[in-house]
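The structure appears below as structure tokens.
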Amino acid sequence: MSRLVVISNRVAVPKARGVAGAQGGLAGALNSALKRNGGIWFGWSGDEVAEFTGEISIQRAEGVTTATIDLAAQDVEEYYNGYANSTLWPLFHYRIDLTEYEREFGRGYERVNEHFAESVRPLIEPDDLVWVHDYHLLPLGERLRSRGVKNRIGFFLHIPWPPTRLFVSLPYHDRLVRTMLEYDLIGFQTREWLESFLHYCQKELGADVDEDTGRITLGGRTVHARAYPIGIDYDHVMDQAGTGDARQAAQRLLASTRHRTAMLGVDRLDYSKGLPERIDGISRFFDQHPQHVRDLVYIQIAPPSREDVESYQKIRTQLEQKTGQINGARSEVDLVPIRYVNKGHSLAELCGFYRAAKIALVTPLRDGMNLVAKEYIAAQDPEDPGVLILSRFAGAALQMPEAVLVNPHSPDELSHAIKQALDMPREERKERWDALIKTVRDDNIQRWTENFTGDLASLPI
Ligand code: G6P
């Protein structure tokens with residue numbers, strides 16, 4: 001099998017690997033994929049320097065070789081905080097109201113994609129499969145081609161692809177997507193995002209699109225686009241769930257909640273996760289069922305993310321206010337209904353919390369996939385599993401229809417789902433969980449990696 005060269009903005013460098021919730025699904029998933037397959041992982045170190053030097057730092061840990069570069073402060077501002085997280089991220093999560101278009105952001109984005117191409121080029125050997133990840137690096141394939149890279153190059157988008165009518169509000173959208181046609185294979189989390197992309201290529205670029213095979217042809221170039229729903233590293237999660245750290249974390253949570261039912265949310269502090277809407281739903285639940293104020297506690301773990309971006313600062317303030325309001329109104333001297341924790345936790349600790357929580361609320365307004373939903377299912381006690389309440393707008397909902405699916409914008413639906421989860425008999429919980437665990441176990445990270453890289457290596461080009 002060919003060696004893999006994985007390229008992404010965020011690399012789970014060993015020093016940061018302890019914290020699971022803060023780094024998002026991509027880093028954990030790629031770490032697992034590389035551990036099993038070997039190869040190189042190239043990306044940004046996460047460090048800022050005054051001037052970009054192009055110096056590469058190579059580290060080998062736990063069987064994964066990482067190669068990272070530092071970025072200049074201006075690059076971080078314009079590329080990472082700017083184009084990636086103030087333009088593309090909100091737009092791709094349907095938040096056109098939060099989307100900012102600044103010419104400098106676009107320039108920074110192009111410059112950093114050039115830096116990536118220039119720096120990673122010497123590391124690529126003729127038989128390598130090159131696999132680029134996520135919205136930070138949409139044009140990287142084309143930048144590599146212009147440097148003579150003839151290898152097969154695949155691209156996977158971890159977040160949604162927005163409907164054409166939204167996407168065309170991005171200045172120079174066509175130029176950006178044309179660069180993507182230099183890949184050989186483009187992967188999406190779900191059929192929904194894939195269809196939006198195919199629709200765009202057909203309607204806006206006039207490409208020839210075969211919807212059955214995902215073959216896109218334009219100007220003599222052919223690229224395939226397909227859906228590859230990502231999964232968790234099931235074996236690794238099960239290992240972590242069996243550790244002393246996990247047991248201790250479960251004990252800690254149970255001891256502190258005693259006779260109350262623990263309901264849990266674990267999300268990066270991001271407006272796409274629907275956190276204020278979730279608090280509104282919980283508040284509605286307490287309004288409608290005041291008898292439960294004493295026997296239900298909600299624990300929200302929300303490590304801060306992208307803290308230099310204004311919309312993230314705002315969502316944090318908003319969430320603090322909402323949590324403060326509901327706790328102020330509902331607390332008693334011996335009871336607080338919502339615990340709000342900004343710290344990240346290790347995967348083992350999270351597994352303990354998942355196991356102790358009888359209900360998980362995973363209610364993003366829009367999410368490419370969402371791996372917390374899958375980890376929660378993996379960590380349950382098969383004889384007495386908890387209930388997963390899942391947003392219809394998470395990519396995971398398409399694979400997990402046995403969860404209690406909700407519209408996260410509706411406080412009434414959320415309230416109703418919480419009541420349903422609280423009252424659900426063990427038999428029904430087991431039935432739903434039996435179906436869910438099959439998907440989580442079978443459609444795991446190994447299968448995802450094999451499916452994508454297998455197609456990348458063998459598709460006719
Ligand atoms: C999402 C994105 C990833 C990103 C992660 C964490 O999962 O798809 O590309 O790495 O969020 O965000 P951050 O900005 O901290 O890398």
| query | Structure shown: which of Lys358/Lys430; Lys322/Lys374; Lys374/Lys430; Lys35/Lys273 lie over 21 Å apart, alpha-carbon to alpha-carbon? | reply | Lys322/Lys374; Lys35/Lys273
| query | What's the Cα-based Rg to Rh of region 357-461, Rh via Kirkwood? | reply | 1.06
| remark: Low-density loop trypsin sites (Lys or Arg not before Pro), region 187-270, at most 10 other Cβ within 10 Å, DSSP non-H/G/I/E/B, are Arg258
| What percent does the relative contact order of the chain come to when contacts are Cα pairs within less than 8 Å and at least six residues apart? | 15 percent
| request: Using 0.36 nm per residue of separation minus the Cα-Cα distance, give me the extension gain between Asp442 and Val49 in nm, one decimal. | output: 137.2 nm
| field | Cα-based convex hull volume of region 191-233 per residue, rounded to whole Å³ | value | 74 Å³
| said: Check which residues have an amide H placed less than 5 Å from Asn342's amide H, if you skip close sequence neighbours. | reply: Ala302
| Karplus-derived 3J(HN,Hα), 6.51/-1.76/1.60, for each residue of region 444-457, Hz, glycine and proline x | 9, 5, 5, 5, 4, 4, 5, 4, 5, 5, x, 5, 4, 6
| task | Hand me the GluC sites (Glu not before Pro) from region 129-216 located in a DSSP loop with no more than 16 other Cβ atoms within 10 Å, in residue order please. | result | Glu211
| request: Report the convex hull volume per residue for region 298-345, counting only C-alpha atoms, in Å³. | output: 69 Å³
| field | Surface share of carbon and sulfur [accessible, 1.4 angstrom probe, percent] for region 130-250 | value | 44 percent
| remark: Debye calc, one equal point scatterer per Cα of the chain, no solvent, log10 I(q)/I(0) at q = 0.08, 0.09, 0.14 1/Å comes to -0.46, -0.59, -1.39
| Projected label distance in nm at Tyr172 and Asn342, using a 7 Å step from Cα toward the beta-carbon | 3.6 nm
| remark: On each of the three principal axes the extent of the alpha-carbon atoms of region 209-285, given in whole Å and largest first, is 65, 37, 21
| task | Quick one: plug the Kirkwood hydrodynamic radius of region 243-398 (C-alpha pairs) into Stokes-Einstein at 25 °C, 0.890 mPa s, and report D in µm²/s. | result | 154 µm²/s
| task | Sum up the charges of everything whose Cβ sits under 9 Å from the Cβ of Leu71, counting Lys and Arg as +1 and Asp and Glu as -1, but leave Leu71 out. | result | -4
| query | How much mean residue ellipticity at 222 nm does the chain get from its helices, if each DSSP H run of length 4 or more adds -39500 (n - 2.57) and you divide by all residues, to the nearest 500 deg cm²/dmol? | reply | -12500 deg cm²/dmol
| task | Of the DSSP beta bridges with both residues in region 1-137, give the percent that are antiparallel, rounding to the nearest 5. | result | 30 percent
| note | Taking every C-alpha to C-alpha distance in region 53-159 and binning by 10 Å from 0, the per-bin percentages run 14, 40, 34, 11, 1
| Taking only protein heavy atoms and a 1.4 Å probe, what accessible area per residue, in Å², does region 268-347 have with all protein chains in place? | 44 Å²
| Rounded, prolate or oblate: which fits region 312-368 when a ≥ b ≥ c are the square roots of the eigenvalues of the alpha-carbon gyration tensor, with rounded for a/c under 1.5 and prolate only if a/b beats b/c? | oblate
| note | Taking protein heavy atoms only, a 1.4 Å probe, and rounding to whole percent, the accessible area of region 331-461 owed to carbon and sulfur comes out at 49 percent
| message | Please compute the contact order of region 97-216 in relative form: average sequence separation of alpha-carbon pairs under 8 Å and at least six residues apart, divided by the residue count, as a percent. | response | 22 percent
| field | R0 of 30 Å, Cβ-Cβ distance Arg294-Met238: FRET efficiency to nearest 0.05 | value | 0.30
| What net charge do the residues around Pro303 carry, taking every other residue with its C-beta under 12 Å from that of Pro303, with Lys and Arg at +1 and Asp and Glu at -1? | +2
| query | Do any GluC sites (Glu not before Pro) in region 293-324 lie in a loop, going by DSSP, with at most 11 other beta-carbon atoms within 10 Å of their beta carbon, and if so which? | reply | Glu307
| message | Applying a 10 Å radius around every beta-carbon, put 43-53, 159-169 in order of their mean neighbour count, most first. | response | 159-169, 43-53
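The values are calculated or read from the model by the stated rules, or taken from the named source; none is laboratory data. Everything numeric here is computed off the predicted structure, so don't read it as measured data. Cβ sites come from the backbone with ideal geometry, for glycine too, and all protein chains shown count toward neighbours. Just the protein is used for accessible areas: all its heavy atoms, side chains included, with ligands, DNA and RNA removed. Shrake-Rupley method; radii C 1.70, N 1.55, O 1.52, S 1.80 Å.
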